[in-house]
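Only one structure is covered here, and it is reproduced in the block below.
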Amino acid sequence: MFGFSMIKMVRQHANKLDRSMRLQLVNLYRPFQKVPCFLHTMLENRLKKRNKLPVIIEFYEEGDACSLGLEQVHQTVSGNRKCAVHHQFTSIPFCSATLTANVIEELLNNCTHIKKIHHDREVKALLDKASPSIRADVLNSSGVTGKDVTIAVVDTGVYPHADLKDRIAAFKDLVNQKSETYDDNGHGTHCAGDAAGNGYLSDGKYKGPAPEANIVGVKVLNKTGSGSLSTVIAGVQWCIDNKEKYGIKIISMSLGSQATQPAAEDPVVKIVEEAWKQGIVVCIAAGNEGPDEKTISSPGISPKVITVGAMDDQNTIERTDDIPADFSSRGPTIDGITKPDLLTPGVNIVSLRSPGSYLDKVSKSSRVAENYFSLSGTSMATPICAGVAALVLQQNPELTPDEVKEKLLHSAEDWGLPGNTQGKGYLDVSKLI
C-alpha cells in the first residue's frame, strides 16, 4: 500500500496537507482491499483522474506569492474539465476549488507558492426569558436598543418576519444566489430574532436585547443547515467588503465544525480574525459538544473573537437558579486557550419562526403560538451576545472590537465555575451602565 503514488505524496507533502485532507486522499484506497493486486495500478490511475475533492488552497503571503500561485492554479485547472476554481478571497491569501487527486499532486509538486491545501469540509448550524435573564431590559428602558447598529447574521438566511420589519438592511445568498430575503431552514431567522427581534407580534414578550438594531442576512448554509468552509469564508469576506455600505459593526456566527488544527492554521479562523482586524465585532458559538472538555468548535477557537457558551435560565427571569447548559462546549481549545469567553441564555429560547422552513416542518412541536419557535443551543446564546454588543456600540460607536469584548467580559458575573466552563462568567447587561 505504501507504494501507491497518493500515499507517497501524502507522506512527502504532509506539512502542506491538513489532517482532514490527508485522510481524504488515503481513504481513496479503501476499496482496494477487495480488489485483486494486479488491478491496483489501473484503478489508482482512474481514481486519481476521476475522484473530485473540495479544497481550500492557502498561499504564502510574501511578495507576489498569492497572485503567482493563483495564476498557476488556474493554468493547471484549465486543462481539466473535472476541476474548477470557485472563490478567490481578497482579505486572506486563499482560494477554494474542486480538484482531482492527480491535480492536487501536480500542484504540490510544481507550485512553490502553495503553503497548504485544506479539505473544504462540512460546516453545520449549531443548534422568551432570555433578555430579562441577562438584564438587557435595564438598558432598553433607558433608550439603548441597538438603534443604527447593524448585525450581520451569517447563517441559513433570514425570513422577513414582522418583528424585523424595515430593519433587514441587506441580504446576500451564497448558496442559491437568490435576491429575495428568505430562510429555507429557519435557524438563521431564529438567530436574527435572538439578537434583534422587537416582539411586535407578541406584544413585546419575545424580544431580543437589541430590538432596534438592523440585520443583514448572509446565507452560507443550505436548507438542512449544512455548508462548507469556503462558503462560510466567502460570507465573512462579503461582510468585510460591504461593511461600509451597510454599516456592519457585528457578525454573529452560530455555526462551526470540529477543530482539527491550531487556530493559527485554520482558514475560517483567519477570515474572522481579519474581520475583527477590520473593525467588526465577531461573536461565535462555542459548540454543542459539552459537557466534555476540549470541545470548542472552529472558528470559536480563535483567541480574538468572542466565543459564547450557553446558560440554562430555567425559563425564569431570576438568575440565581441558572446553570451552564449541559450541551455547551467546554475548553480548553486545541491550542490550550481558555474558552468560552462568557455565557448567555441558550436553552428553550423563543424567537422568530420561518414558516414552511426545514426546522418548521420537522419540529412542529417547537412552534410557539403562530409566529414563534423554540430552540436550544449555543446558536441561540451567540446572537443574544451579538445583540448586547449592539447596545455597547450604540452608546460608544467608536469602540474597537477589542474594547467591546473587554466591556462585555467586564460585565460578566463570575458564577464560581472553571474558566473552561464559564469563561469570565454569565453576562449581566446592567453592569454595562
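Restricting attention to the alpha-carbon atoms of the range 250-336, what are Rg (one decimal) and Dmax (integer), both in Å?
13.8, 42
Of all the C-alpha pairs in the chain, what % are more than 35 Å from each other?
When every Cα pair of the chain is considered, 30 percent fall beyond 35 Å.
Can you return the lysines within cross-link range of K116? Criterion is Cα-Cα under 24 Å, with same-chain partners fewer than 8 residues away left out.
Candidates past the 8-residue exclusion: K8, K16, K48, K49, K52, K82, K124, K270, K277, K304.
Consider a paramagnetic label point 7 Å from the Cα of N110 along Cα→Cβ; state which residues of the range 77-95 have an amide N under 17 Å from it.
77-85
Shape verdict for the range 55-168, please, from the Cα gyration tensor: rounded (a/c under 1.5), prolate (a/b greater than b/c) or oblate.
prolate
How much of R46 can a 1.4 Å solvent probe reach, expressed as accessible area in Å² and rounded to 10?
110 Å²
At K147 and N15, where each label point lies 7 Å from the Cα along Cα→Cβ, what is the point-to-point distance in nanometres?
My value for the distance between the label points is 5.7 nm.
From a point 7 Å beyond the Cα of R367 in the direction of its Cβ, which residues of the range 156-172 have a backbone N at a distance under 18 Å?
Correct set: 159-163.
Provide the per residue accessible area, probe 1.4 Å, for the chain, rounded to a whole number of square angstrom.
41 Å²
In terms of Cα to Cα distance under 19 Å, which lysines are near enough to K165, apart from those fewer than 8 places away along the same chain?
K147, K205, K207, K219
The values are calculated or read from the model by the stated rules, or taken from the named source; none is laboratory data. From a predicted model like this one, the values you see are computed outputs, not experimental measurements. Here the Cβ is made from the backbone with ideal geometry for all residues, glycine too, and neighbour counts use every protein chain on show. Just the protein is used for accessible areas: all its heavy atoms, side chains included, with ligands, DNA and RNA removed. Shrake-Rupley method; radii C 1.70, N 1.55, O 1.52, S 1.80 Å.
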